[in-house]
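Structure record follows, encoded as structure tokens.
The values are calculated or read from the model by the stated rules, or taken from the named source; none is laboratory data. Given the structure is predicted, the values throughout are model-derived calculations rather than measurements. Using ideal geometry, Cβ is built from the backbone for each residue, glycine included, and neighbour counts are taken over all protein chains shown.
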């Protein structure tokens, strides 16, 4: 098989990629950047390069003999009806449905849970190819109107429209140039939102996003007439997003320098007609040291989830009139497990905790006394448990690696759950199992990992294995079912997810242990996971693949560069791969609180040690690599992937291919059509199996 692979790789001709003399001086260190020109996504030369690279990639994938077989199997698996957890607004229930292969799921309106319902909003009508997706929605307080946002081609930029609920007719209102934050209604005919200045021509997908200001829009008026509620011109790169409390007593503003560490401010509200431009806010927290999110309020008292003096988070009560931290009182003190979130429904408090990266739902009264627990089917992840105080029922979804996502109805009065919609995917959970293990990282730290495979799997050290992780930004990877993974599992493969430092699985201390100057811990944890899988007899270096997206793309890029001998296949997707310049594009400046910035010498000295683009070495045999990005990715701009792939192709030796797959009409990952997702996984599995010498 080896000889056959070498012969195939010899015939792989990469496009010639021009190099230019670009050298930056960082504190006396000269750093070359010969592919800087690829950062210009609007140039004809870059577009020609993208087209040429995609041609090589598509031709390579097309000649894999079993790719169409995999694609057909994925299509078959995906073709089953899907239903989301319903939610109630006014007199109606709403739920998303997909008949199986629809590009985007459709929002239905139901008069009752047993009714067939009618189509309320169909995102498939937004575009011919299914690449315009629903990005968010919000119902007015009187349930007369619904505002909804759309994303084009996967971009983070959203446009917002307003629909009359009874007539399902659009109003003339349109809001543009928003991203990340949604809208929050105040009163019956207006809402708050955060808007960025309109980018200069050609810079919408790559230019730095600054001066995100909060506005109030009144229905029936043009956006240019909207009332400016908050601005901070002295700090243009700060994030400013907010929402009203359920009782419309406050508008709560979260202000942050980046992806963690927040200030908290509130604006007392009375009626929309009394709003004035740039009103005076009350400062609750003003040090950017911790994370705070307002769950609810009781009059002038805010109920806040915070990690101040609580790395695992706690719920506190804060009196708006006396917001000093020494005046805060505990509602739910910090516990041994991480408090992920909470909601109040029907006079009870539902709190979600993480235990070894799996969800637990506990019930408390409003004084913080534990009264029960919601029984879940197995280890897994829960979505939902949101609602209003007067709700007597709650809907939630549950999923795990071998438990297809299903929807339950929870009766608050009886503390019982009943199945609302069970998944119809063609998969037999009884044939598979998920194990939980702890392995030692380089420094002896114990790291948790999920391992999923067929129950009758023989540990012969030759199982095709995909190792996935993220390791950053306080984000937790919890169990979830993936239709795409069935292809791996039913062909004797192993799917693994490692809960690395930098994530949120074990609280803020776990997060801090993998950020800034501690970032190398994350890569060590991932490398140790690969070594554990080999030593435990699951796989070998010739059968081990790694995959991750965004910060996980950085993870894969750094680890394949540091240990090219350990992995056979690598999939760095939409990755942050140039750690010296990431902060110069779109919202990248906000990641400096996680990574550190090359503008500071201490952090430059750390970043240059692991930046994937800068640590590639000539004449090195790297894994078979398919770099994955998209032309509308305005979160991690595709220039990261372009430059990394160009240098990797230049330096690669041996028989392993280096491809870059640049998807069109797609962004950072959200909003992809069903067909785009099927095509993506057909590429992943065929590339992986083919380069492992496995014939399906």
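Here residue 377 passes the criteria (1) part of a loop (DSSP other than H, G, I, E, B); (2) over 28 Å from residue 501 (Cβ atoms); (3) in contact (Cβ under 8 Å) with a residue 60 or more places away in the chain except the one numbered (3). Considering the range 294-324, and only residues there that are out of contact with any helix residue (DSSP H, G or I) (no Cβ under 9 Å at 6 or more places or on another chain) and assigned to a loop (DSSP other than H, G, I, E, B), the residue that is surrounded by the most Cβ atoms within 10 Å (Cβ to Cβ) turns out to be 323. (1) within 23 Å of the chain's Cα centre (by Cα); (2) in contact (Cβ under 8 Å) with a residue 60 or more places away in the chain: which one isn't true of residue 530, the others all being true? Residue 530 satisfies all of (1) within 23 Å of the chain's Cα centre (by Cα); (2) in contact (Cβ under 8 Å) with a residue 60 or more places away in the chain except (1). When residue 351 is tested against (1) over 19 Å from residue 336 (Cβ atoms); (2) surrounded by 15 or more Cβ atoms within 10 Å (Cβ to Cβ); (3) free of Cβ contacts under 8 Å to residues at least 40 places away in the same chain, only condition (1) is not met. Screening residue 446 against (1) surrounded by fewer than 16 Cβ atoms within 10 Å (Cβ to Cβ); (2) touching a helix residue (DSSP H, G or I) at 6+ places or on another chain (Cβ under 7 Å) leaves a single unmet condition, (2).
Just checking, does the range 149-158 include any residue being assigned to a strand (DSSP E or B), touching a strand residue (DSSP E or B) at 6+ places or on another chain (Cβ under 7 Å) and surrounded by fewer than 21 Cβ atoms within 10 Å (Cβ to Cβ)?
yes
Those helices (runs of 4 or more DSSP H) of the range 1-111 in which 2 or more residues are touching a strand residue (DSSP E or B) at 6+ places or on another chain (Cβ under 6 Å) occupy 44-62. Would you confirm whether any residue within the range 608-615 is touching a helix residue (DSSP H, G or I) at 6+ places or on another chain (Cβ under 6 Å), over 23 Å from residue 561 (Cα atoms) and either crowded, with 22+ Cβ neighbours inside 10 Å or at pLDDT 95 or above (or both)? No, there is no match, as no residue in the range 608-615 is touching a helix residue (DSSP H, G or I) at 6+ places or on another chain (Cβ under 6 Å), over 23 Å from residue 561 (Cα atoms) and either crowded, with 22+ Cβ neighbours inside 10 Å or at pLDDT 95 or above (or both). Based on what the data block shows, is residue 130 under 26 Å from residue 582 (Cα atoms) and in contact (Cβ under 8 Å) with a residue 24 or more places away in the chain? Here the answer is no, as residue 130 does not meet what is asked.
In the set 134, 77, 101, only one residue is surrounded by fewer than 17 Cβ atoms within 10 Å (Cβ to Cβ), in contact with a helix residue (DSSP H, G or I) (Cβ under 6 Å, 6 or more places away or on another chain) and modelled with pLDDT of 95 or more; that residue is 101. At least 2 residues being out of contact with any helix residue (DSSP H, G or I) (no Cβ under 6 Å at 6 or more places or on another chain) and surrounded by fewer than 18 Cβ atoms within 10 Å (Cβ to Cβ) is the threshold, and among the strands (runs of 3 or more DSSP E) wholly inside the range 225-286 those reaching it are 282-285.
Do we have any residue at all in the range 451-467 that's in contact with a helix residue (DSSP H, G or I) (Cβ under 9 Å, 6 or more places away or on another chain), surrounded by 20 or more Cβ atoms within 10 Å (Cβ to Cβ), part of a loop (DSSP other than H, G, I, E, B) and modelled with pLDDT of 95 or more? Yes, some residue in the range 451-467 is in contact with a helix residue (DSSP H, G or I) (Cβ under 9 Å, 6 or more places away or on another chain), surrounded by 20 or more Cβ atoms within 10 Å (Cβ to Cβ), part of a loop (DSSP other than H, G, I, E, B) and modelled with pLDDT of 95 or more.
For (1) within 30 Å of residue 138 (Cα to Cα); (2) touching a strand residue (DSSP E or B) at 6+ places or on another chain (Cβ under 8 Å); (3) surrounded by fewer than 20 Cβ atoms within 10 Å (Cβ to Cβ); (4) modelled with pLDDT of 95 or more, each residue gets a yes or a no:
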site: 392; (1), (2), (3), (4): yes, yes, yes, no
site: 402; (1), (2), (3), (4): no, yes, no, yes
site: 410; (1), (2), (3), (4): yes, yes, no, no
site: 415; (1), (2), (3), (4): yes, yes, yes, no
site: 430; (1), (2), (3), (4): no, no, yes, yes
site: 437; (1), (2), (3), (4): no, yes, yes, yes
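Evaluated against (1) more than 18 Å from residue 135 (Cα to Cα); (2) out of contact with any helix residue (DSSP H, G or I) (no Cβ under 6 Å at 6 or more places or on another chain); (3) in contact (Cβ under 8 Å) with a residue 40 or more places away in the chain, residue 632 falls short on exactly one condition, (1).
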